[in-house]
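Novice: Dumping the structure here so I can ask a few things about it.
The values are calculated or read from the model by the stated rules, or taken from the named source; none is laboratory data. If you're wondering where the values come from, they're calculated on a predicted model, not measured in any experiment. Virtual Cβ from ideal backbone geometry, glycine too; neighbours counted across all protein chains shown.
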Amino acid sequence: MDTRETSGPGTVAPDLGPATALRCRECGARCALGPRFACPECFGPLEVDYTFTKVTRASIEAGPSNIWRYRQLLPVPDGVTATRNTEPGWTRLVRADNLARELGMRELWIKDDSGNPTHSFKDRVVAVALAAARELGFTVLACPSTGNLANAVAAAAARAGIRSVVLIPADLEQPKIVCTAVYGGLLLAVRGTYDDINRLATEIADDEDWAFVNVNVRPYYAEGSKTLGYEIAEQLGWQLPEQVVVPVASGSQLTKVDKAFGELGDLGLVDPRPYRVFGAQATGCAPVATAFKDGRDAIRPVRPATIAKSLAIGNPADGPYVLDVCRRTGGGVEDVSDDEIRDAITLLGRTEGIFAETAGGVTLASLRKLLDEGRLDPAARTVIINSGDGLKTLDAVSSVVGPTAEIPATLEGFRSALPS
Ligand SMILES: *Cc1c(COP(=O)(O)O)cnc(C)c1O
Ligand SMILES: [Zn+2]
């Protein structure tokens with residue numbers, strides 16, 4: 001992969017819009033834009049650095065109804081909309097009054113990212129990774145995945161007419177396997193945990209000239225999650241929420257929602273009022289919540305055992321940064337049991353007509369718990385993220401919901417089944 005570094009003779013600097021360099025999150029060292037994720041000085045994670053040109057609300061509002069309306073804030077070529085391969089984003093922000101009433105809250109919103117092309121927020125990060133990867137000269141899109149990323153990578157590659165290579169845990173939910181396989185591409189079911197597969201992918205990325213969206217082009221991929229934060233603020237009428245609850249797998253999404261809110265304030269696009277960020281995990285895979293509660297900085301890896309497989313990362317790369325954001329903003333990280341996840345999925349369905357996947361259940365159940373513990377203000381404007389579609393995790397709730405009754409095809413049978 002070093003052959004693609006932009007500093008070599010005869011290579012041209014990539015056009016990645018406002019992105020100017022990669023910068024180490026630990027030591028601050030800078031290096032040229034390229035397919036790198038680890039700092040050459042200290043091996044810390046690299047993040048995209050920008051010089052933003054003048055961005056206005058009007059220039060954003062004049063853009064398309066997808067993530068590319070924010071292209072002036074993303075590491076993608078300027079012409080990305082003309083050559084777009086997928087159009088994720090601009091998903092609905094639903095005011096959840098029925099649910100708010102049930103929870104005793106004043107103003108609750110659901111950012112429903114199940115409306116993306118492959119029904120999870122992962123289409124956002126893949127679209128940005130693909131745009132950057134093509135500019136960097138890659139022709140194969142790859143990933144290790146807990147499920148939703150596999151769907152998004154295989155679909156985006158199919159649409160772009162390039163090859164995909166996807167690695168998933170062999171024990172993944174059947175719908176997530178089918179929803180990847182249908183797009184073609186190489187799909188390998190690996191006997192191991194996500195963390196095993198992630199390690200394998202890092203080794204493969206050293207040998208093959210492939211863009212592993214969440215490995216060697218991770219700095220660009222991660223920036224795609226900023227669009228969730230931008231959209232929430234724009235859809236609230238260019239205002240930041242006071243509280244936001246975000247699901248945590250690797251922790252990237254949460255840190256980028258915070259980064260987006262910060263950038264909007266810095267650019268004068270919103271009034272930079274304080275907000276609190278809360279993370280949500282399943283108790284069966286809660287390394288970040290545990291570190292938060294213990295007041296530790298280091299994340300102790302765990303072996304996941306939860307129905308929330310899309311969040312089952314036992315050794316989360318961005319865990320320490322999640323702790324930083326949640327502590328700095330006065331938020332927190334909570335974790336919830338599988339039963340609490342199931343309850344939350346049915347609560348959301350019953351009150352708002354939205355069917356969330358297990359990750360959405362984790363987020364709502366965590367909101368509920370934070371309210372019960374008095375750590376979240378029920379009077380403050382709050383947004384929670386539903387990051388995936390319940391149709392992909394049917395098995396999680398098929399044991400707790402079903403027909404009200406089975407009846408014969410007679411009027412008598414029908415009447416006997418009606419509640420009295
Ligand atoms: C991947 C994923 C997340 C969290 O992603 P990270 O950025 O790795 O924390 C949340 N929800 C769903 C449904 C996902 O697939
Ligand atoms: Zn460094």
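Novice: Quick test for you: out of LYS293, LYS256, pick the one residue that is in contact with a Lys or Arg (Cβ under 8 Å, 6 or more places away or on another chain) and either of a type outside the set (Gly, Ala, Ser) or at pLDDT 95 or above (or both).
Specialist: Numbers: LYS293 fails: in contact with a Lys or Arg (Cβ under 8 Å, 6 or more places away or on another chain).
One residue alone meets the criteria, LYS256.
Novice: Shifting gears a bit: Just to confirm my filter: which helices (runs of 4 or more DSSP H) fall fully inside region 77-177 and include at least 1 residues that are under 30 Å from LEU371 (Cα atoms), out of contact with any strand residue (DSSP E or B) (no Cβ under 8 Å at 6 or more places or on another chain) and more than 16 Å from ligand 1 (Cβ to nearest atom)?
Specialist: 97-103
Novice: Consider only pairs whose beta carbons are under 7 Å apart and that are at least six residues apart or on different chains; among these, list those whose first residue lies in region 388-404 and is closer than 17 Å to ASP339 by Cβ and in contact (Cβ under 8 Å) with a residue 60 or more places away in the chain and whose second residue is hydroxyl-bearing (Ser, Thr, Tyr) and surrounded by 12 or more Cβ atoms within 10 Å (Cβ to Cβ).
Specialist: Matching pairs, first to second residue: THR393/THR358; ALA396/THR358.
Novice: Further, regarding this structure: Return the residues of region 47-72 that are part of a strand (DSSP E or B) and within 16 Å of ligand 1 (Cβ to nearest atom); say none if nothing qualifies.
Specialist: Those that are part of a strand (DSSP E or B) and within 16 Å of ligand 1 (Cβ to nearest atom): GLU47, VAL48.
Novice: Take region 261-275 and flag every residue that is of a type outside the set (Val, Ile, Thr) and without any contact (Cβ under 8 Å) to a residue 60 or more places away in the chain.
Specialist: Scanning region 261-275 gives PHE261, GLY262, LEU264, GLY265, ASP266, GLY268, ASP271, PRO272, ARG273, PRO274, TYR275.
Novice: Condition first: surrounded by 24 or more Cβ atoms within 10 Å (Cβ to Cβ) and on the phi > 0 side of the Ramachandran plot. Can you find one or more residues in region 155-167 that meet it?
Specialist: No, region 155-167 contains no residue that is surrounded by 24 or more Cβ atoms within 10 Å (Cβ to Cβ) and on the phi > 0 side of the Ramachandran plot.
Novice: Of everything in region 311-337 that's part of a loop (DSSP other than H, G, I, E, B) and surrounded by fewer than 22 Cβ atoms within 10 Å (Cβ to Cβ), which residue is nearest to the chain's Cα centre (by Cα)?
Specialist: Within region 311-337, the first condition is being part of a loop (DSSP other than H, G, I, E, B), and the residues that meet it are 312-318, 329-331, 337.
Among the residues that remain, those that are also surrounded by fewer than 22 Cβ atoms within 10 Å (Cβ to Cβ) are: 314-315, 317, 329-330, 337.
Working: GLY314: 16, ASN315: 16, ALA317: 14, THR329: 20, GLY330: 22, SER337: 21 Å.
Looking at the filtered set, the residue picked out is ALA317.
Novice: Could you list all residues from region 32-56 that are near ligand 2 (Cβ under 10 Å from one of its atoms) and over 21 Å from LEU130 (Cα atoms)?
Specialist: CYS39, PRO40, GLU41, CYS42, PHE43, GLY44
Novice: Kindly evaluate PRO247 against the criterion of being closer than 22 Å to VAL153 by Cα, touching a strand residue (DSSP E or B) at 6+ places or on another chain (Cβ under 9 Å) and within 16 Å of ligand 2 (Cβ to nearest atom).
Specialist: No: the conditions fail for PRO247.
Novice: Do we have any residue at all in region 243-252 that's touching a residue at least 40 places away in the same chain (Cβ under 8 Å) and assigned to a helix (DSSP H, G or I)?
Specialist: Our first condition is that a residue be touching a residue at least 40 places away in the same chain (Cβ under 8 Å); within region 243-252, this holds for 243-252.
Now restrict to residues that are assigned to a helix (DSSP H, G or I): 252.
Yes: one or more hits.
Novice: Out of VAL165, VAL153, report the one residue that is in contact with a Ser or Thr (Cβ under 7 Å, 6 or more places away or on another chain), β-branched (Val, Ile, Thr) and within 12 Å of VAL213 (Cα to Cα).
Specialist: VAL153
Novice: Answer with yes or no whether LEU99 is of a type outside the set (D, E, K, R), touching a residue at least 60 places away in the same chain (Cβ under 8 Å) and within 24 Å of VAL383 (Cβ to Cβ).
Specialist: It is true that LEU99 is of a type outside the set (D, E, K, R), touching a residue at least 60 places away in the same chain (Cβ under 8 Å) and within 24 Å of VAL383 (Cβ to Cβ).
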